[in-house]
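What follows is one structure encoded as structure tokens, with my remarks underneath.
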Protein chains: 2
Amino acid sequence: MSTRDQFIATAQRLFAAKGFYGVSIAAIAQQMGLTKQALLHHFGSKEKLYGEVLQRISGELMACTDEIIASRVDPLERLTELVLAQYRLQMADQDAARLIMRELLDNEPRAGAAANWYLKPYLETLVDTLLSINSARERSRGQALAAIYQFLGAAHYFAVSQPTLGRMFGDALYNEARQHYEEELRQMIESRLTIAAR
Amino acid sequence: MSTRDQFIATAQRLFAAKGFYGVSIAAIAQQMGLTKQALLHHFGSKEKLYGEVLQRISGELMACTDEIIASRVDPLERLTELVLAQYRLQMADQDAARLIMRELLDNEPRAGAAANWYLKPYLETLVDTLLSINSARERSRGQALAAIYQFLGAAHYFAVSQPTLGRMFGDALYNEARQHYEEELRQMIESRLTIAAR
DNA sequence: GTCTGCACTTACCAAGTGGTAAGTGTCCGC
DNA sequence: GCGGACACTTACCACTTGGTAAGTGCAGAC
């Protein structure tokens, strides 16, 4: 793993834990036994490093999304898999999930606002897919977005809560909830879209 | 409104927008045309101010929660109202919602970790209420927590997304989704708990 | 050998950080 | 009029911030 990639990985971990302003470039470099000027040598500025972290994350999500879109044609199945895949990715890399959540919270545009150019097409895809599921029932884009947001919110929120829940109730209960969660999500999506089709 | 309360309100707004580390006490004071020492005079330290902001927020949520627990006995109705009330509060004060979300993300304990002593009893109440809805079906605490988290995640996530969604798609679409969202939440809870009762 | 590019260092900077100390003015009870 | 509590100020502190400048050491090319 190149020094550069190591920087990105370390930065992702720290940014996820304490946020952009909560981490100094010196702290990131120190974690790797280097000086902050080594970091600046590779990335030029703190913002650019942050941008690269976001870019790597959104790249992974987009790749995963594209694959599902290519392989699943049935809209209900596609929508379900898109949400579940996103959930699995976030559970597998919870630092990434936290970072994206932080990006969602920060209303100021920063470092190219990387969350946008991945999140927007992703959301558009989800909304379009949902709208194509049952053309019979009239459904506005706003209503579709509301439904999508339930799914994503339920998934993302849970993926991000491990530290807090672990601290509150112990990791055992979180892990127990985790065992059920994916299935719960699947049922939630199914029941929502099935009821909607009535 | 006292200077002190103004400080808390201003701090809440700024902390919500940029996080604890992203805002300096000088910036907060400057917004009110005062010096940072005026702020320190009232609160002693940045952490204490932050703590007071969290305390005010959690106080409101707890008051609202207690009232519902006192007035609703039917568990399904109580659970639904608890989640919806939380959602309404968060939509009414989106800065507060963002702050709590940030608190959820920060795994380090800080400023008394105010989110804990409000969030934990709140979650416990929700889990207990859910478990009492249908004692016939065996259900573990972890499973109950998973269900609860779907509801809260869907609500909280949406409440926090206005800036991002507004930037992405324009406020019109967000407002349209918003019109439907509370009803969507209600249906989601109902269908989840109704199916569970089968 | 010497030159070049690369990864990385030490040294330094202006600006900003949270916080302390010591006032300054103003209102209020007496 | 006076003493003290209160709200707030200026002045200052040690420290950290992101970033620049100028090397240093070391590989490979010629």
Just to be sure before I move on: is B:Ala17 in a helix (DSSP H, G or I) and touching a Leu at 6+ places or on another chain (Cβ under 7 Å) in the structure I sent?
no
Which numbered condition A:Gly51 misses (of (1) farther than 25 Å from A:Ile189 by Cβ; (2) in a helix (DSSP H, G or I); (3) at pLDDT below 95; (4) more than 16 Å from DNA strand D (Cβ to nearest atom))
(4)
Count, please, the residues in segment A:54-73 that happen to be touching a helix residue (DSSP H, G or I) at 6+ places or on another chain (Cβ under 9 Å) and either within 30 Å of A:Lys36 (Cα to Cα) or outside any helix (DSSP H, G or I) (or both).
9
Within segment B:23-42, count every residue that is more than 9 Å from DNA strand C (Cβ to nearest atom) and not in a helix (DSSP H, G or I).
3
When the residues of segment A:43-74 are narrowed to those that are hydrophobic (A, V, I, L, M, F, W, C), without any contact (Cβ under 8 Å) to a residue 24 or more places away in the chain and loosely packed, with under 15 Cβ neighbours inside 10 Å, which ends up farthest from DNA strand C (Cβ to nearest atom)?
A:Val73
Within segment B:33-48, is even one residue within 14 Å of another protein chain (Cβ to nearest Cβ) and either at negative phi or modelled with pLDDT of 95 or more (or both)?
yes
Could you grab me the full set of residues in segment A:137-186 that are within 23 Å of A:Ala17 (Cβ to Cβ) and of a type in the set (A, V, I, L, M, F, W, C)?
A:Leu152, A:Ala155, A:Phe158, A:Ala159, A:Val160, A:Leu165, A:Met168, A:Phe169, A:Ala172, A:Leu173, A:Ala177
Would you mind stating whether A:Ala92 is more than 7 Å from chain B (Cβ to nearest Cβ), modelled with pLDDT of 90 or more and under 19 Å from B:Glu184 (Cα atoms)?
no
What number of residues in segment A:165-183 are within 8 Å of chain B (Cβ to nearest Cβ) and over 17 Å from B:Ala147 (Cα atoms)?
2
Test: residue in segment B:33-40 that is out of contact with any strand residue (DSSP E or B) (no Cβ under 6 Å at 6 or more places or on another chain), among the β-branched types (Val, Ile, Thr) and surrounded by 21 or more Cβ atoms within 10 Å (Cβ to Cβ)
no
Kindly provide the set of residues from segment B:143-164 that are more than 8 Å from chain A (Cβ to nearest Cβ) and under 22 Å from A:Asp106 (Cβ atoms), ordered by number.
B:Ala159, B:Gln162
Those residues of segment B:2-18 which are at pLDDT 95 or above, within 14 Å of chain A (Cβ to nearest Cβ) and within 13 Å of DNA strand C (Cβ to nearest atom), in sequence order
B:Leu14, B:Phe15
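The values are calculated or read from the model by the stated rules, or taken from the named source; none is laboratory data. Since we're looking at a predicted model, the values are computed, not measured. Reconstructed Cβ throughout: ideal geometry from the backbone, glycine too, with neighbour counts over all protein chains shown.
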